[in-house]
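Here is the structure we will look at.
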Amino acid sequence: MEEELYGNIPCSSLAVESIIRVGTAGAIWGLCTGPREARSRGLTGVSQASFVAKSVGKFSFQCGLVAGIFTMTHCGIQRYRGRNDWVNALVAGAAAGAVVAAGTRSWTNVIGTAGLVSAFSVAANYSKTT
């Protein structure tokens, strides 16, 4: 079923769906952690609301970015190689992890995060139930 799905739907459509879904999860996470963090910083009123709104936007953007890069890379590699195996998840996870850590400007962080996200991606790919 999954191979049929990836074969008929464009990668860009899958990436947009993934961005919306995971970006929404990031927004919910920002709504949960934003007020707690704002209270711990002593913010109240408008400044608290502004902090929470920024938190929602930040988490939503970061989660959506990672999901979009992962999905687009995974789908593109799968179409290029013509196979649905662990290599697709490995490369897509490494790309998504590297993009996330690129903001630190530390090669150690980039390589470590790319490897970690890559390993989790392969593990998640194998734990799917059909």
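For the reader, a short list of remarks on this structure follows.
- Fewest-first ranking of C32, C75, using other Cβ atoms within 10 Å as the exposure measure: C32, C75
- The stretch between T24 and A102 holds 25.8 nm of extra length on full extension. This uses 0.36 nm per residue minus the Cα-Cα distance.
- Degrees separating the helix 45-81 axis from the principal Cα axis of the chain, which is the longest one: 10
- By definition, a body whose alpha carbon gyration tensor gives a ≥ b ≥ c is prolate when a/c is 1.5 or more and a/b is larger than b/c, and the chain fits this prolate description.
- Going from the residue with the fewest nearby Cβ atoms within 10 Å to the one with the most, V46, V91 rank V46, V91.
- Acute angle (nearest 10 degrees) that the helix 107-126 long axis makes with the longest principal axis of the chain, alpha-carbon atoms: 60
- Among T33, T44, T73, a tally of other beta-carbon atoms within 10 Å of each Cβ gives an order, fewest to most, of T44, T33, T73.
- When cysteine pairs in the chain are screened for C-beta atoms closer than 4.7 angstrom, the residues that find no partner are C32, C63.
- Using alpha-carbon coordinates, inclination of helix 11-40 to the longest axis of the chain, degrees: 30
No lab work stands behind these numbers, since they all come straight from the coordinates. Remember, it's a predicted structure, so these values are computed and weren't measured experimentally. Here the Cβ is made from the backbone with ideal geometry for all residues, glycine too, and neighbour counts use every protein chain on show.
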